[in-house]
Amino acid sequence: MGIDIGRTNLRAALVSAEGEVLASVRERTDVSGGPRAVEEQAAAAFERVGGRDACAIGVGIAGQCDVTRGVVLRGPNLFWPDVPFRDRLAGRLNMPVTLRNDVVMATVGEWRLGAGRGCQNMVAVFVGTGIGGGAIVDGRLLEGASGCGGHFGHISVQLDGPRCGCGRKGCVEAYASGLGLATRARSDPALPSSSLSRAGIDGAAVSQAVEENDALALRLRDEAAAALSSALGSVINCLEPRLVVLGGVVMDMPGLYERCARGALDSCLPSHRSVAIVRSSLGDLSGAIGAASMALDPL
């Protein structure tokens, strides 16, 4: 079984060894309730999808994880104190739990069962409420010293840019994530004349306004595409992957993927421009599928 705990949504899936989703649930994450409320949600989702039929659970969560200790570290997404989430959930469900960052799990899902299947050098970047990523280098997941590697959303694209949730300025997440787009829209002088002024502003509202050719939304999209292109170019230059997989709900914004795919190639070194840039193929269950795969067959 795989559970994907994002800042906005929680998704859980019972998955076969071949990657077939046998049952799944989606709901809003109870962020305001804190770690205990999210633990309750995960346990309830486990029961709803028939988790007792599983042999292990993988959990991907929107934050930094010390994978050795199974601890979710305090960070810019859930704002929890350091929480031993892996052992709490394993004790509650009496089943082994594998814990990683949510987008690392999604990267594994796309690598093993999705758009990156068979590729030994690939990068995945998912743009949702926040921005995260993962990398497979020579057939191995690049995790870092404690498992916290792959936070591509905190690549700085402008030193004096808007402040990110991590506290730094100019991170690509501050420009292109759902939260970043909403924050920038609310502070823009053009907001009163935009259709966004008549709605609760989030990434989905900006996407809808782009479909309506709203001038502010179109500008925000284009600035997000420029920031993402710069960050992707930097990642490509550093890791030289053969494949880049782009996913997440914000990437479904009209025109964003196309601009990012072109812009990333323009931003990277000429020697690296043979890289293929594709969309994710597992959809919004990529994190849950990847988490289930990691639980069944740990790296």
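Looking at this structure, is F126 assigned to a loop (DSSP other than H, G, I, E, B), within 21 Å of the chain's Cα centre (by Cα) and not small (G, A, S)?
Against the criterion (assigned to a loop (DSSP other than H, G, I, E, B), within 21 Å of the chain's Cα centre (by Cα) and not small (G, A, S)), F126 does not qualify.
Does T107 satisfy the criteria of being at pLDDT 95 or above and of a type in the set (S, T, Y)?
For T107, the condition - at pLDDT 95 or above and of a type in the set (S, T, Y) - is met.
Can you name the residue in segment 121-141 that is out of contact with any helix residue (DSSP H, G or I) (no Cβ under 6 Å at 6 or more places or on another chain) and free of Cβ contacts under 8 Å to residues at least 60 places away in the same chain and is also surrounded by the fewest Cβ atoms within 10 Å (Cβ to Cβ) among such residues?
Ranking the qualifying residues of segment 121-141, first place goes to D138.
Mind telling me which of the residues T98, T68 ends up being over 17 Å from the mean Cα position of the chain (by Cα), within 22 Å of G149 (Cα to Cα), in contact (Cβ under 8 Å) with a residue 40 or more places away in the chain and part of a strand (DSSP E or B)?
The conditions single out T98.
Among all residue pairs at least 6 apart or on different chains, which show Cβ distances below 9 Å where the first residue, located in segment 247-275, is assigned by TED's automatic domain parsing to the domain that holds V157 and the second is buried (at least 17 other Cβ atoms within 10 Å of the Cβ) and basic (K, R)?
Close Cβ pairs (under 9 Å, with a partner that is buried (at least 17 other Cβ atoms within 10 Å of the Cβ) and basic (K, R)) amount to M253/R221; P254/R221; G255/R221; L256/R221; R259/R221.
The values are calculated or read from the model by the stated rules, or taken from the named source; none is laboratory data. Predicted model only: the values in this text are computed from it and were never measured. As a convention, Cβ positions derive from the backbone with ideal geometry for all residues, glycine included, and neighbour counts pool all protein chains shown.
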